[in-house]
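A short write-up of the structure that comes next.
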Amino acid sequence: MLISVIICTYNRADKIVKCLDSIHESLKNAPSVDAQNAEIVIVNNNSTDNTVDIIEQWTTKSDFPIHLVTETKQGIAWARNRSFETAKGDILISIDDDCCMDKNHIKNTLAHYEKDTQPVLRFGQLELGDQEDWPMTVQTRPVVKRWQKGVADYDYLGMGDVCSANMVIPRAIIDAIGRYDNRFGTKQIPGGEDADFGFRVYNAGFLMEYVPDIIAQHYHGRRTAEAVQKLVKGYSIAAGALYAKHHVHHPRLAKAFSSKEFPADPPGKYDNDARKPEIRAFHKQSKKFYILGAFMFMKAAFKQRLLGQQ
């Protein structure tokens with residue numbers, strides 16, 4: 001199996017069909033991709049709406065094998081790990097259930113993969129799908145960016161640089177560094193699971209690359225200042241947890257944690273958006289949640305050790 005497209009979903013009855021339709025179109029648009037070398041893996045993380053019923057109806061019209069499984073342990077890291085276990089592909093293409101693939105996504109992904117001389121954790125462009133949504137959880141950098149320890153060192157590798165909403169993971173990397181850390185992406189630490197995975201990939205010496213030609217659109221639905229403020233708070237707690245875990249092996253993270261200045265926005269991010277001052281104001285308040293995040297991670301680590309879990 002060459003390609004596994006993986007989606008983890010929770011209560012997305014209103015958006016999952018649009019996501020699946022876009023994946024199907026992108027697979028059909030890629031040369032040499034067919035039902036023999038591509039699959040779609042969907043992990044239901046205990047949805048309470050009719051998401052599963054809708055997915056089951058949709059599978060009847062798919063030209064590609066569908067594997068729908070349920071992960072009963074709540075949390076995105078648990079769901080991602082279940083998708084890794086279920087998928088059979090050499091490359092795993094991760095997209096969120098509120099995102100849509102560009103029709104050339106798979107074709108361009110394979111073009112990069114065929115030129116690779118080493119395993120590469122690759123991230124793609126994530127556009128704002130609905131302009132009424134606030135410009136959050138997007139990545140529209142127009143140029144290629146690379147990180148590799150000792151070769152192409154980052155100037156700053158932050159949480160937003162690592163995003164499974166549009167990410168391509170070679171199986172070789174998962175085999176080498178292991179699965180997601182399920183202490184992240186929970187009610188206590190609401191985020192950070194992608195960044196933790198990326199930091200571990202970086203520290204293991206693998207190449208990481210952002211490319212603007214692997215494109216998806218994000219329909220996240222956050223349209224109020226309150227929703228954005230809640231998002232920033234959750235990510236800030238996750239940032240503190242990441243610091244508690246990675247400060248020794250990721251000195252730039254430690255510097256960002258202790259600095260009095262919040263990192264500048266990447267070029268182009270929030271540009272020409274009237275809401276930019278409010279977004280920046282939310283970010284400037286975020287450091288007060290770092291300590292809480294560090295405490296929550298240490299608490300989770302202690303509980304895990306007490307229970308003898310890995």
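The values are calculated or read from the model by the stated rules, or taken from the named source; none is laboratory data. Fair warning: this is a prediction, and the values are worked out from it, not measured in the lab. Here the Cβ is made from the backbone with ideal geometry for all residues, glycine too, and neighbour counts use every protein chain on show. SASA here: full protein model, heavy atoms, side chains in, ligands and nucleic acids out. Shrake-Rupley method; radii C 1.70, N 1.55, O 1.52, S 1.80 Å.
Odds and ends about this structure:
- Residue ID - modelled with the lowest pLDDT, chosen from residues in the stretch 255-279 that are more than 21 Å from Lys145 (Cβ to Cβ) and under 22 Å from the mean Cα position of the chain (by Cα): Phe257
- Among the residues of the stretch 116-138, not a single one is part of a helix (DSSP H, G or I) and either open to solvent by 30 Å² or more (accessible area, probe 1.4 Å) or within 20 Å of Asn166 (Cβ to Cβ) (or both).
- One residue stands out among those in the stretch 223-254 that are of a type in the set (Lys, Arg) and at pLDDT 90 or above: the one that is nearest to Ala294 (Cα to Cα), which is Lys245.
- Considering residues of the stretch 1-18 that are more than 16 Å from Ala38 (Cβ to Cβ) and either part of a helix (DSSP H, G or I) or hydrophobic (A, V, I, L, M, F, W, C) (or both) only, the residue most open to solvent (accessible area, probe 1.4 Å): Lys18
- Considering residues of the stretch 283-304 that are at pLDDT below 80 and in a helix (DSSP H, G or I) only, the residue least open to solvent (accessible area, probe 1.4 Å): Ser286
- Out of Glu56, Glu85, one residue alone is free of Cβ contacts under 8 Å to residues at least 12 places away in the same chain and either assigned to a helix (DSSP H, G or I) or crowded, with 23+ Cβ neighbours inside 10 Å (or both). It is Glu85.
- Counted residues, the stretch 165-196 - those being assigned to a loop (DSSP other than H, G, I, E, B) and touching a Lys or Arg at 6+ places or on another chain (Cβ under 7 Å): 2
- If the condition is being surrounded by 24 or more Cβ atoms within 10 Å (Cβ to Cβ) and not hydrophobic (A, V, I, L, M, F, W, C), then the stretch 19-43 contributes only Ser26.
- Selection over the stretch 99-142 of residues that are in contact with a Cys (Cβ under 7 Å, 6 or more places away or on another chain) and modelled with pLDDT of 95 or more gives a count of 5.
- Among the residues examined, Phe199 qualifies as assigned to a helix (DSSP H, G or I), modelled with pLDDT of 90 or more and either more than 22 Å from Asn81 (Cβ to Cβ) or aromatic (Phe, Trp, Tyr) (or both).
- Count of residues meeting criterion [within 30 Å of Ala172 (Cα to Cα), β-branched (Val, Ile, Thr) and buried (at least 21 other Cβ atoms within 10 Å of the Cβ)] in the stretch 212-237: 1
- Qualifying residue in the stretch 160-172 (condition: open to solvent by 20 Å² or more (accessible area, probe 1.4 Å) and modelled with pLDDT of 95 or more): yes
- Selection within the stretch 88-103 - surrounded by fewer than 20 Cβ atoms within 10 Å (Cβ to Cβ) and closer than 25 Å to Ala13 by Cα: Lys103
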